[in-house]
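Following: one structure in structure tokens, then a few remarks.
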Amino acid sequence: MEIPARPLRVVVVGGSLGGLSAGVWLREVGCDVGVFERSPALLEDRGAGIMLNPATVRYFLLKKTLDIRKTSAPIRRLQYLDRAGRVVSTTPACWWSSAYNVLYRGLLACFGRERYHLGQECIGFEQDEAGVTVRFATGRVERGDLVVFADGVNSVGRRLLLPECRPRYAGYIAWRGTVSEEVLRPETFGLFHEAITYHILPEGHALAYPIPNRDGTVEPGRRLTNWLWYRNVPPDELAELLIGRNGQRFTTSVPAGFVAERQIRRLYADAEGQLPAPFAEIIGLTREPFIEVIFDVEVPRMAFGRACLLGDAAFRARPHAAAGTAKAAEDAYRLALALKAHRGDVAGALREWETAQLALGRAVVERARQAGERLQHGRWQVGEPVPFGLYEVSDSAMPEETLAEASQIL
């Protein structure tokens, strides 16, 4: 199972879900891996809800380190509300929803803190026939056989390797937030319980579903309701929306606690005036909503000798396919398989790996783009199946009985 001879030394830049996925899978095939995260603090409070895919949880199933049934919320139906708040379409579903902090803590526990380095911002790298040298703002220098850039939508690696390739604004943003089920009216809790709920507007759409509480609780009534409201924002109005409450200027998101109060007040008012009452209720009860700007990111290459781009650093799909986290996990898993198969030939492994991952990334980005354009511009039909999936629509389904079985073993 291990790569022959000495272990390959791999430097992973980026310590979020993609970077940690790379860390655990590469170590699984015998690599010596260090993960370097630019944030000085753990990332536990970042992000919100995540719809799961088998690729997302493959490592947990293989290692039996996280019971998905005890750490995720079951989604048993897809439903649509009309403007009056009535359910006008219901379809059975077999999905599971989790939260960023649950997956992050689970992967970090598997990888371990001793090789997970905080406060390390990559500022450059060089490669030669013998290896790569990665430099950090702290003055730290790491030498390895491979550098994996899993550093997200604002990837330093992509900027260094493909400076002409930049995120493209999709024309809309997502207001996001969570609210405790404990404060909801009983009828509101009953409506959103075990469902992913959509409301389609002439311009935009909203959705909500339950996720674990911040402490990991999945007991109904004690979880969180995760919501998103996708709103079209012209490019010339985006800059003002991204000015935080203390005048900070953001580019790709405004985190919880930083959104300007005037923008939050406007959000509450707009929700009351434009959304069904259950959506207006959960939004109005959210004290610290945040903003995510929707981008498309596509790269023409992922492999560059002894360097590669993984996850959102390579392809950032709009959220409508619910495949972003799964795509990063799949990139990491396939990279480990390629390195194992090529027995330490890094460049050869990356060339083989790149072919399939480029095709996958392009397909997911295009499917999510098409869905987003229709959802945001009044062309989505109420009752239509949502395009959740990684390789194809519907492959995010996970019947409960399958969760007792481990996924494919390396």
Selection of trypsin sites (Lys or Arg not before Pro), the range 229-294, meeting DSSP coil and at most 13 other Cβ within 10 Å
ARG287
Restricting to bridges with both residues inside the range 1-90, how much of the DSSP beta-bridge set is antiparallel, in percent to the nearest 5?
40
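Could you compute the net charge surrounding VAL382? Neighbours are other residues with a C-beta less than 13 Å from the C-beta of VAL382; K and R count +1, D and E count -1.
+2
What per residue convex hull volume, in Å³, comes out for the range 97-203 when only alpha-carbon positions are used?
Roughly 195 Å³ of hull volume per residue.
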Expressed per residue, the solvent accessible area of the range 215-290 in Å² (1.4 Å probe) is about 47
Listed residues LEU62, LEU310 arranged by accessible area, highest first, probe 1.4 Å:
LEU62, LEU310
Output the peptides 290-296, 206-212, 77-83, 109-115 sorted from most to least packed, where packing is the average of other Cβ atoms within 10 Å over each peptide's residues.
206-212, 290-296, 77-83, 109-115
So what's the convex hull volume per residue for the Cα atoms of the range 222-327, in Å³?
161
For the full complex of protein chains and a 1.4 angstrom probe, list HIS199, HIS117 by accessible area with the highest value first.
HIS117, HIS199
With the Cα gyration tensor of the range 141-195 in hand, give its eigenvalues times 5 under a square root as the equivalent ellipsoid semi-axes, listed largest first in whole angstrom.
42, 18, 9
Using a simple charge model, +1 on the beta-carbon of Lys and Arg, -1 on the beta-carbon of Asp and Glu, nothing else, what dipole does the chain show about its Cα centre, in debye to the nearest 20?
300
Per 0.36 nm of contour for each residue apart, how much would the distance between GLU373 and THR65 grow if the chain were fully extended, relative to their Cα-Cα spacing?
107.0 nm
Round to the nearest 10 and give me the degree value, 0 to 90, for the angle of helix 261-274's Cα axis relative to the longest principal axis of the chain.
50
Kirkwood hydrodynamic radius of the range 48-106, from inverse mean 1/r over distinct Cα pairs, in Å:
13.0
Positive-end residue, the chain charge dipole about Cα centroid, Cβ charges, pick of THR252, GLY204, THR355:
THR252
Helix-only mean residue ellipticity at 222 nm, the chain, DSSP H runs n ≥ 4 weighted -39,500 (n - 2.57), per residue, nearest 500. What is it?
-9500 deg cm²/dmol
Which value, in Å², gives the accessible area per residue of the range 16-126 when a 1.4 Å probe is used on the protein heavy atoms?
37
Mind checking the full-extension length gain between ARG249 and ARG140? Use 0.36 nm per residue of separation minus the Cα-Cα distance, one decimal, nm.
36.3 nm
Working out 0.36 nm times the residue gap between LEU42 and ASP395, then minus their Cα-Cα distance, what length gain in nm do you get to one decimal?
124.0 nm
Can you tell which of CYS122, SER180, LEU191 lies farthest toward the positive end of the dipole of the range 114-219, using +1 and -1 charges on the Cβ of basic and acidic side chains (Lys, Arg; Asp, Glu)?
CYS122
Mind pulling up the Rg/Rh value for the range 242-302? Radius of gyration and Kirkwood radius, both on Cα.
1.12
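Taking every DSSP beta bridge that has both residues in the chain, what percent is antiparallel when rounded to the nearest 5?
Approximately 75 percent, going by the DSSP bridge assignments.
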Restricting the calculation to Cα positions, tell me the Rg (one decimal) and the Dmax (whole number) of the range 332-371 in Å.
12.5, 40
1/(1 + (r/R0)^6) with r = Cβ-Cβ of ALA277 and THR133, R0 = 56 Å, i.e. FRET efficiency to nearest 0.05, evaluates to 0.45
When the scattering of the chain is computed by the Debye formula from its Cα atoms alone, each counted once and equally, what is log10 I(q)/I(0) at q = 0.06, 0.09, 0.11 Å⁻¹?
-0.23, -0.53, -0.80
Alpha-carbon spread of the range 84-153, three principal axes, descending order, Å
61, 24, 23
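Can you give the local net charge around GLY152? Use residues other than it whose beta-carbon is closer than 12 angstrom to its beta-carbon, Lys and Arg +1, Asp and Glu -1.
+2
How high is the FRET efficiency between VAL382 and THR355 when r is their beta carbon distance and R₀ equals 35 Å, given to the nearest 0.05?
0.35
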Just the number, please: carbon plus sulfur as a percent of the accessible area of the chain, 1.4 Å probe, no ligands or DNA/RNA counted.
51
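The values are calculated or read from the model by the stated rules, or taken from the named source; none is laboratory data. Since the model is a prediction, treat every value here as computed from it, not as a measurement. Ideal geometry is used to build each Cβ from the backbone, glycine not excepted, and the neighbour counts take in all protein chains shown. The accessibility values were calculated without ligands, DNA or RNA, using every heavy atom of the protein model including side chains. Shrake-Rupley method; radii C 1.70, N 1.55, O 1.52, S 1.80 Å.
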